[in-house]
Amino acid sequence: MKKILFIIMAMFALVLTACQNKDIEREAMKLQAPDASQITGQLSGDNYTWTWPAQNGEMRVAIYRNGTLSGIETVSGNSFTHKDVPTNVPFEYVFKLTDGANMSAGVIKSYTREGATSISGVQMSQVDKDGGYDALIEWNKAADASSILLTATNGKRTITESLSGTATSYVIKDVVTGETWSVVLVAQNEKGTSLSTSSSLRIGKTAIGFLSVYATPEELVANGDDDEASAWLWLHETYPTAKFVPFTSITSSEVVEPFRVLFWLRDLEGVSESDVWNMPASVQAATPVIKEWYKDGGSMLLWSHATVYAGHLGRISLDEMKGNDHAFGFGVGGFNPDTWKMAVELNPDHKFKKDHSTHPIYRGLEVETTQDTKLIAFKGPGWTEDHNCLYFNLPSLWTGIGNTEEACYAQCTQTYGVYPLGTWDSQIWWVSQMNVWEAQQGNTEFKGTLLCIGNGGCEFSMKNPDGTPDKSAHPKNNVYQDNVLTLAKNSLEYLKTR
C-alpha cells in the first residue's frame, strides 16, 4: 500500500513540475533595444551630445564614470547632452528605451575626452605696492599642458594671455579697491583643451582680526589654552599687521569694519558639551555686530570649538546643529601613537567622487592617494587632545535626499552653499560629515564666507609628552605641524579673496 501511495505522489509531483515549467516560460522583451549604430556622439565646446533617430518611447541614459554610476536621466527627444565633460576620464553610457512601464535591453557607448588636464589649485591674492595694489594669480603646475589660456576681467577691463604650459602664476597690474576680478584658466595641448578653472578676487581691505575672550594678548598667552595662544603667536608673527580683537571691544560696527577676515580659535578642555554650545557673555554681546558685518561680506575662520558659532550667527540653525548627530571632544587627552590623516575626497557608497584636494586651503600640502580616497596627514604620534567638533547628516536634513546620493551633494553645495572639504577617512562614504567645511552665501543673506576647521587632528599646539602646554608660534611636538600652519595660512589667504 505504501509503495502504491509513493508512486501516486511521484506522478503528482511530475505533473505539477511540468505545469510550473510551462507557467514560467520566459516572456519576450516588450521593447526592442535601440540600434547601437544609430546612436552617435559629438563634442561641442565642453559638452558631449549623443543623438539618435526618433524612437517609440523615451530614452533612459545612465552615465558611468570610471565604471561607477554617476547619473541617470530619461529624455523624451532624440538627444542627450552630457555637460562639462572633463578630459582624460573614461565614461560609459547605457541607453535603454522605456515606455514608462517596460525597459529594453541596454546599448553601451563609451567616450573619453582627450586633451590637457584641467588646471588645479588656483588661488588669488592682493599684493600691496607703492601707490596701490596688484593681483597675484597662482596655480599648481599643469600635468600635460603645452600652453595655458588666461582670461581675466573686472567687467570693464579684460586681459587675455597665452602662457607657457609650465607657468604657475600671473600678475594683474594696478587693480583698484572695489573691483572684483574674475579669472578663467584653460590648459591646452595637441590633443585638445581642458575644462576651464575659475577664481575671483574682491579688491579691498586685507586686515585680519584675531578674536578672543581675553582682554590682551599677554593675558591670553599667560592664562589661555595652548592652542589659542599658539594660534595668536603664529598669526602675529606671520601677519604683523593682524590685530588682537577682544570680544569686549566690539561695541559697534566701526570696530570690525576695517577687517577683511576675523579668526577665532576656541579650544575648551575639561568642560561639558553644554559649555561648547553656550557662548560667554562677552561673545553674546558682540554677536549682533559681528553678524551684521558678516552679512555685509565679512568672512570668518572658525577653528575647533568655535565652529558652533556658525549657529549663533544664524548661518545654520543652532537647533538643527544640536538636534542632529555630532561629535565633540573636550577631554585632557593623552599619548596616542598613531598618525592622523584627514580624507579630502568623498566617495559616497562608491556612486561618485568629489575631490577637494585641489581646494586652495590645501595648496602645497602633500596628498596621499589610496584606492578609495585622498588623505593629508595633520598629526603625528604624541599627546592627543582629540578635540573634534563635527556635525552629521545636516545635508540630508536640508535637502530631504539620502546622503549617499549625488543630488544631495549638488543641492547642499549649489543651493545651500555648504561644501564639505574634509572628513575622517572612515566617513568618505556619505555626504553627511561636516568636519572641515565652507559656507558660502548660498540661499542666505550672508554675503561673507565661513571656513570651519573642526577636525581634532588640526591642533595648533600638541602638548609636551608629560601633558604640559607648548605655547609657541612654532610648537615642536607634532611632526606634521607645518601642515597645520599651512592649512591656517591658506585658509586666511583664501578668505581674503572672498
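The values are calculated or read from the model by the stated rules, or taken from the named source; none is laboratory data. Given the structure is predicted, the values throughout are model-derived calculations rather than measurements. Cβ coordinates were reconstructed from backbone atoms using ideal geometry, including for glycine residues, and neighbour counts include every protein chain displayed. In case anyone asks, the SASA skips ligands and DNA or RNA and just uses the protein heavy atoms, side chains included. Shrake-Rupley method; radii C 1.70, N 1.55, O 1.52, S 1.80 Å.
Please grab the % of Cα pairs in segment 181-241 that end up more than 19 Å from each other. Result: 57 percent of Cα pairs exceed 19 Å. Going through [x] 26.5; [y] 22.7; [z] 25.9, the figure that equals Kirkwood radius over Cα pairs in Å as computed for the structure here is [z].
Taking the accessible area of the chain, probe 1.4 Å, and keeping the other protein chains in place, the carbon and sulfur fraction comes to 50%.
What is the gain in length, in nm to one decimal, between residue 191 and residue 207 on full extension, counting 0.36 nm per residue of separation less the C-alpha to C-alpha distance?
1.3 nm
Peptides 254-260, 40-46 ordered by packing proxy, namely the average of other Cβ atoms within 10 Å per residue, highest first: 254-260, 40-46. If the limit is 28 Å between Cα atoms, which of 173/205; 295/322; 291/463; 243/447; 341/489; 205/374 go over it? Over 28 Å apart, Cα to Cα: 291/463; 205/374. Of the complete DSSP H runs in the chain, those spanning 24 angstrom or more by Cα along the long axis with a mean Kyte-Doolittle score not below -1.0 are 2-23. Taking amide H as placed 1.01 Å from N in the peptide plane, the amide H of residue 316 sits under 5 Å from that of 311, each at least 5 places away or on another chain.
Candidate cross-link partners of residue 83 among the aspartates and glutamates, defined by an alpha-carbon separation under 12 Å and a same-chain spacing of 8 or more, comprise 46.
Between residue 38 and residue 66, the FRET efficiency estimated from the beta carbon spacing at R0 = 41 angstrom works out to 0.95.
Residues whose amide H falls under 5 Å from that of residue 244, counting only those 5 or more places apart or on a different chain, are 210, with hydrogens built in the peptide plane.
A cut-off of 5 Å between modelled amide H atoms, ignoring neighbours fewer than 5 places along the same chain, links residue 70 with 63, 64, 65. Phi angles across segment 96-113 convert, under the Karplus curve 6.51 cos²θ - 1.76 cosθ + 1.60 with θ = phi - 60°, into 3J(HN,Hα) values of 9, 7, 9, 9, x, 10, 10, 9, 7, 5, x, 10, 9, 10, 10, 7, 10, 6 Hz, Gly and Pro given as x.
Peptides 389-396, 270-277 ordered by packing proxy, namely the average of other Cβ atoms within 10 Å per residue, highest first: 389-396, 270-277.
Computed 3J(HN,Hα) for segment 418-425, one whole-Hz value per residue from the Karplus formula 6.51 cos²θ - 1.76 cosθ + 1.60 where θ = phi - 60°, is 9, 10, x, 10, x, 9, 4, 5, glycine and proline marked x.
What the phi angles of segment 120-129 give under the Karplus curve with 6.51, -1.76 and 1.60, with θ = phi - 60°, is a coupling list of 10, x, 5, 9, 10, 8, 8, 10, 6, 8 Hz, glycine and proline written as x.
Cross-link partners of residue 191 among lysines, defined as those whose alpha carbon lies under 19 angstrom from its own and excluding same-chain residues fewer than eight positions apart: 141.
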